1. Taking the Cβ-Cβ separation of A73 and A125 as r and a Förster radius of 35 Å, what is the calculated FRET efficiency to the nearest 0.05?
2. For the stretch 13-137, count the residues as N, evaluate 2.2 N^0.38 Å, and divide the Cα radius of gyration by that value, please.
3. Test of understanding: express the Cα radius of gyration of the stretch 79-119 as a ratio to 2.2 N^0.38 Å, with N the residue count.
4. Quote the FRET efficiency, to the nearest 0.05, computed for Y279 versus A251 with a Förster distance R0 of 25 Å and r equal to the Cβ-Cβ distance.
5. Determine the distance separating the Cα centre of the stretch 64-121 from the Cα centre of the stretch 233-250; give it in Å without decimals.
6. Output the relative contact order of the stretch 13-137, whole-number percent, from Cα pairs under 8 angstrom with separation of 6+ residues.
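Bear in mind that the values in this text are calculations on the coordinates, not laboratory data. Note that the structure is a prediction, hence the values are computed from the model and not measured. Glycine also receives a Cβ, built like all others from the backbone with ideal geometry; neighbour counts cover every protein chain displayed.
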Amino acid sequence: MTAVTADRPAVTGQDVSRACVTCLFAVTDTPVPDDVLAVTPGHDGGGPLRVLGAGPLRLVVQDVPVAAFGEEALARRLNRPDELERCARAHHRAVEAAARGGATVPLPMATLYLDDHNAVGAVTAREAALRALLDRLRGRSEWAVKVYCAGPARMSGIASGAAGDGGPADGGPADGGPADGRSYLSRVSARRRTEREARETALARAQAVDRELRRYAVAATRHRPQSEQLTGRSVPQLLNAAYLVDDRRHADFLGAVRRPARADGTEVEVTLSGPWIPYSFARLDEAACDAREEVRA
């Protein structure tokens, strides 16, 4: 995370005398309900959420104190997990408020400008791209799909004897008696081959799930698979993907997600969450390329 955007100067030490800077959460082209903004808290210590006009676009912003949101102060805060989570939750609340009116482009967390004038100027300079992106996101939502090993593929990395301790999991004798070295190595090799084949089968199934879901999506992107520590699961995550889906086709998309989960003997477990605000598809640089691909498709 960063307190600096590519289209504005950094908030440096010489600016700390300024009481506040402008934090920009989202851009939309539809009215944002005043009653929603009134009850939506932004960042702690800042002013109320409000709307700035930038031609046909509307910016959801908040005045935030330089003491807490200057570049160095913010960098220190975002290195603390509790502060990072607090800032992320405030950012998401503001983006959700903006999205209550219609299509919304969420900005990266901690998008800061020296004042309202700079914020409006930066958005106005990219008005054409933002309007095109809003049109692309309109009537569409993001769905997150994760695929995990299941069934036979769970053997990969499991078993107390996976490190080769010569116990029963490695094919060694349970009573500690002498083992035939050649037979022992053969059993270990066969077990590892079975695990590798099971994992390859699971990976192939995950790829097939992704290919099938892309048939029902306008766009798709893959994120780095999460570690078992993050997922809280004892099995590997094979696919971590997001799909941009027309709201009119979400029933078809959900049906496609459920089919692999119902398949007999499936080697994977498919999980779904959503619909979400399309964070994964709101990046201007990637959206232009994706839109060209969509037109060709």
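1. Rounded to the nearest 0.05, the efficiency is 0.80.
2. It is 1.02.
3. My calculation over the Cα atoms of the stretch 79-119 gives 1.34.
4. 0.65
5. About 26 Å separates the Cα centre of the stretch 64-121 from the one of the stretch 233-250.
6. Numbers: 207 pairs, mean separation 47.4, N = 125.
Over the stretch 13-137, the number comes to 38 percent.
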